[in-house]
Amino acid sequence: MSPDDQPAIDQSSLSAPQFQTVDMDEMNRRYEKMAPEKRVEIFMKDFEADDILLSSSFGTTSALLLHMFSVQEFRLPVYFIDTGFHFRETYNYREQLVSLLGLEIRDVVPDAEGHRRAESEHLWWFNPDLCCRINKNEPFGELKRVHRVWVSGLMHWQTPRRQSLKIFEESDGILKFHPVLDIQEEEVWKYLERHNLPQHPLRSQGYESIGCRHCTIRGEKRSGRWPQSVKTECGLHL
Ligand code: SF4
């Protein structure tokens with residue numbers, strides 16, 4: 001779906017910024033002892049639903065976290081950054097999980113003019129940092145400003161940098177919550193199997209990490225991301 005086809009998020013409907021400092025060490029000590037499913041359950045009691053920003057890229061490991069949140073009593077909307085450059089298979093997978101888990105998706109779309117520029121100048125080749133800023137970081141930054149805590153499905157095994165993350169971190173003015181951080185790669189696939197959750201259709205074709213189609217090739221772990229540059233992250237998690 002092209003960003004031109006859908007309305008941007010109505011910012012007036014969003015609540016005011018509510019970031020408050022929490023005792024991160026104490027929170028980490030408490031949550032570290034819990035299994036990932038328990039963390040999600042307790043987190044939903046510790047935080048107000050309006051304060052929580054849950055996002056998904058609908059990549060190879062996304063179904064795990066989406067499933068854990070979908071079985072909670074209170075259902076959160078799932079924000080999806082629609083750069084307009086995703087694989088058709090990713091959109092199809094998203095629809096499959098929406099239907100299976102009863103998700104409410106809210107698309108986050110880039111500024112239409114910036115998006116057109118990225119497309120016409122092939123920024124993913126010539127300036128991928130700018131391309132990610134226009135299509136991902138700026139539109140998502142608006143949401144980060146009006147939420148207190150952002151839930152992300154990062155895992156230690158994915159990259160060397162992610163190995164040093166903690167369950168709760170403060171980053172760029174928002175608290176981040178990583179409930180599945182310490183889950184091992186094999187456990188992800190077992191969890192999907194146990195809960196009859198489908199895999200992203202491109203994984204069986206050798207894509208272990210999936211982003212925009214211009215910047216993703218087959219490869220182990222995240223080695224297939226941004227093959228045209230030294231870039232390893234889009235910037236959302238930096
Ligand atoms: S991942 Fe690639 S195509 Fe997508 S926004 Fe970033 S540079 Fe652009």
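The values are calculated or read from the model by the stated rules, or taken from the named source; none is laboratory data. Every value quoted in this text rests on a predicted model; they were computed, and no experiment measured them. Ideal geometry is used to build each Cβ from the backbone, glycine not excepted, and the neighbour counts take in all protein chains shown.
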Practice task
Please list, ordered by first then second residue, the pairs with beta carbon atoms under 8 Å, 6 or more apart or interchain, first in the stretch 76-100 and on the phi < 0 side of the Ramachandran plot, second polar (S, T, N, Q) and surrounded by fewer than 20 Cβ atoms within 10 Å (Cβ to Cβ).
Solution key: Asp82/Gln6
Exercise for the section: Output the residues belonging to the stretch 204-220 that are surrounded by 13 or more Cβ atoms within 10 Å (Cβ to Cβ) and within 15 Å of Gln158 (Cα to Cα). Expected result: Tyr207, Glu208, Ser209, Ile210, Gly211, Gly219
Fill in the blank from the handout: Okay, helices (runs of 4 or more DSSP H) sitting entirely in the stretch 35-121 with 2 or more residues that are within 18 Å of His214 (Cα to Cα), I get 88-101, 112-120
Completion exercise
Reported set for the stretch 212-226 where residues are within 17 Å of His86 (Cβ to Cβ) and not small (Gly, Ala, Ser) is Cys212, Arg213, His214, Cys215, Thr216, Ile217, Arg218, Arg222, Arg225, Trp226
Problem - Criterion (under 20 Å from Ser171 (Cβ atoms) and free of Cβ contacts under 8 Å to residues at least 40 places away in the same chain) met by exactly one of Asp46, Asp51 - result: Asp46
Exercise for the section: From the list His67, His86, pick out the single residue that is modelled with pLDDT of 95 or more, buried (at least 18 other Cβ atoms within 10 Å of the Cβ) and over 22 Å from Trp226 (Cα atoms). Expected result: His67
Exercise for the section: Would you mind stating whether Gln184 is more than 25 Å from Met27 (Cα to Cα), more than 16 Å from the ligand (Cβ to nearest atom) and polar (S, T, N, Q)? Expected result: no
Exercise for the section: Only one of these is in contact (Cβ under 8 Å) with a residue 12 or more places away in the chain, acidic (Asp, Glu), surrounded by fewer than 17 Cβ atoms within 10 Å (Cβ to Cβ) and within 16 Å of the ligand (Cβ to nearest atom): Glu138, Glu170. Name it. Expected result: Glu138
Practice task
Report yes if some residue within the stretch 187-196 is at pLDDT 95 or above, over 29 Å from Asn28 (Cα atoms) and not acidic (Asp, Glu); otherwise report no.
Solution key: yes
